[in-house]
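Heads up, the thing below is written out as structure tokens.
Just so it is clear, none of the values below were taken in a lab; they were calculated from the coordinates. Source: prediction; values computed, not measured. Neighbour counts run over all protein chains shown; Cβ positions are idealised from the backbone, glycine included.
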């Protein structure tokens with residue numbers, strides 16, 4: 001079929017025009033080449049497609065049947081081309097973004113709001129999940145781009161830096177006061193309820209590395225599934241939560257939460273947009289990358 005597509009196209013043109021020489025002029029090929037193509041197709045199909053005369057050619061019954069399908073097929077192809085041109089003119093496209101619920105709420109949404117105002121015809125699909133799952137889906141091609149903490153291994157990825165984030169431990173003043181009344185020990189990690197994200201979260205892994213490097217062993221750990229819940233639990237006085245400082249700036253400034261001073265501060269992390277270096281960049285991806293690069 002693949003090798004015969006040009007033969008079918010020539011047949012379709014001859015059937016529409018009804019003249020081999022006129023078809024040759026239209027396709028900018030020689031008349032013998034058109035005749036040869038028709039003969040080859042007739043030989044392949046083991047049938048006669050045209051009745052030839054001095055005035056031109058006329059479809060046989062078999063030729064009429066075949067023309068019905070070739071006309072429909074090439075009309076569909078033309079519609080496809082027109083549709084593609086229309087999509088390109090409008091800037092229509094699709095973009096699949098992977099992001100954690102925390103980064104989606106606090107970082108991605110402002111970008112999306114401005115991007116969609118500039119490119120309203122691009123369809124955005126958000127896959128809310130952990131950074132680990134986002135990186136896996138970027139590898140297998142089921143996502144176009146992800147908003148993540150900078151991967152440890154960046155050889156396989158392009159990383160567009162957006163900002164630094166800082167992990168801190170926060171709680172309410174009342175919880176800290178009550179803790180001091182109940183406990184004589186100064187080590188807050190040994191006495192307080194330490195609230196952390198679950199173990200599959202990249203932020204949790206980063207904090208576990210910090211604990212290991214500084215020989216910290218929390219005695220009471222409460223695992224929570226999202227950053228928003230950590231912040232809410234901390235505000236209700238359930239314990240000391242490890243959160244991203246930038247996301248509780250209002251609570252800290254209003255005194256709803258207070259930051260626990262650490263002997264060794266946690267190093268800041270980088271977050272940004274990430275995609276495989278060998279990825280195919282669609283028109284929508286190119287627009288989005290230019291947008292966030294200009295804005296970062």
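Computed on segment 5-89, with alpha-carbon pairs under 8 angstrom and 6+ residues apart, the relative contact order is 28 percent.
Of the residues 170, 292, 221, the one with the fewest other Cβ atoms within 10 Å heads the list, and the complete ranking is 221, 292, 170. Where the alpha-carbon atoms of segment 237-296 are placed on the principal axes, they occupy 48, 25, 22 Å, in descending order. Go through [x] 18.9; [y] 20.1; [z] 24.5 and flag the label whose value is the computed Kirkwood radius over Cα pairs in Å for this structure. This structure yields the entry labelled [z].
Mean residue ellipticity at 222 nm, helices only, the chain: -14500 deg cm²/dmol; runs of at least 4 DSSP H residues each add -39,500 (n - 2.57), and the sum is divided by the number of residues. Here the simple spin-label model places points 7 Å from the Cα toward Cβ, and for residue 212 and residue 226 these points are separated by 3.0 nm.
Both the radius of gyration and Dmax for segment 5-89 are 14.1, 46 Å, in that order, over alpha-carbon atoms. For segment 128-172, the calculated P(r), taken from all Cα-Cα distances in 10 Å bins from zero up to the bin holding the longest distance, is 22, 49, 19, 8, 1 percent. Kirkwood radius and radius of gyration were both taken over the C-alpha atoms of segment 167-267, and their ratio Rg/Rh is 0.93. Ordered by the count of other Cβ atoms within 10 Å of each Cβ, fewest first, 69, 275 give 69, 275.
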